[in-house]
Each structure stands twice: as structure tokens, then as C-alpha cells.
Amino acid sequence: MPEVQSVHVFDKMLIQANEWVSEIGEEMKDPDPQRAYHALRGTLFALRDRMPATNAAHLSAQLPTLVRGIFYDGYRFVDKPERTDREALLERVRGELATTGRTDAETAVGAVLRVMERRLEKAEMDKVKENMPKDIRALWEQVSA
């Protein structure tokens, strides 16, 4: 078998994804990168499924390549956006976190949203917020403060 050599662009993608996960872990005050990853995954899925497909595509274009792959994992364009309220969004994230032994969805969502606010264009984040129902926007404001 030939020696495997690294492709620089792949290394860069991995570094960017790991930076996101690390920042989320810092925001959660949790050193376990697996929990930060599941917080990211659950929050992205919950937001993605609440947006019209075109808005989801605009948001995904802002994400690092590997994070974009997470965003689209298992995505179905039909029947979007789902009609989700705050509790349903948090329950979706709790379900993702359950595999890690923790289920503090509000902390997880807050951590992911704060990282997204720092790393993505303000105009894009404003569009995402506009597409959320009032109770999710209120959660967003609560955790982003």
C-alpha cells in the first residue's frame, strides 16, 4: 500500500472545523470535543430544518467546508421549513447531546450561536434570525447576550 500523504487543503479544512469545535467547547466550559461536536451538529440541524432551503443554502455557504458537510448530513429539502418552536429546537439538540451523557441544550445552543455570531457575516446571521419564530429569536437573544 502506498504511503498516505497529506493534502494541504484538507489539512486546512480539518483545522477550521477543529477551531469551531474548540471554541464551542470553550463557550460551553466543557473540555470534551465530542460534546462540542454534538452541540454543533444538533444546533445546525435544528436551525437548518427551520429555514427555507434557499436560506439554508445561503447560511451553509458561510460555513467552513467540513462544518458545511455536517450541516447537510441527512438533509431533505422537502417539507422545509419545519414548523418548530423553541422547545422543539431544544429537544432536537437534547437528542443529539444524549449520546454524550449530557443534555443541557440551552448551554449547547448558546455556545454554537455565539461562535456563529463571531465567525459569520452579521448580515447572514440577521437573515437566519429573521426566519425564526419569535420564541426562537428570543432564545437566540438570551443566549447570545
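The values are calculated or read from the model by the stated rules, or taken from the named source; none is laboratory data. Keep in mind the model is a prediction, meaning the values are calculated, not measured. All Cβ positions, glycine included, derive from the backbone under ideal geometry; neighbour counts span all protein chains shown. Just so you know, the surface numbers come from the protein's heavy atoms only, side chains and all, with ligands and any DNA or RNA stripped out. Shrake-Rupley method; radii C 1.70, N 1.55, O 1.52, S 1.80 Å.
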Give M116, M132 a once-over and let me know the one that is among the hydrophobic types (A, V, I, L, M, F, W, C), outside any helix (DSSP H, G or I) and surrounded by 13 or more Cβ atoms within 10 Å (Cβ to Cβ).
M132
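Out of the residues in segment 135-145 that are assigned to a helix (DSSP H, G or I) and among the small types (G, A, S), state the one that is least open to solvent (accessible area, probe 1.4 Å). I'd like the intermediate steps shown before the answer.
To start, the set of residues in segment 135-145 that are assigned to a helix (DSSP H, G or I) comprises 135-144.
Going one step further and asking which of them are among the small types (G, A, S), we end up with 138, 144.
On the way: A138: 58, S144: 38 Å².
Checked segment 135-145; the qualifying residue least open to solvent (accessible area, probe 1.4 Å) is S144.
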Pairs, please: C-beta under 6 Å, at least 6 apart or cross-chain, first residue surrounded by 15 or more Cβ atoms within 10 Å (Cβ to Cβ) and in segment 17-37, second basic (K, R)?
E27/R114; R35/R102
Pairs only if they're at least six apart or on different chains, beta carbon under 8 angstrom, first in segment 79-95 and under 14 Å from P133 (Cα atoms), second outside any helix (DSSP H, G or I) and at pLDDT 95 or above; list them, first residue then second.
none
Could you say whether any residue in segment 44-59 is within 11 Å of the chain's Cα centre (by Cα), without any contact (Cβ under 8 Å) to a residue 24 or more places away in the chain, within 14 Å of W20 (Cα to Cα) and in a helix (DSSP H, G or I)?
no
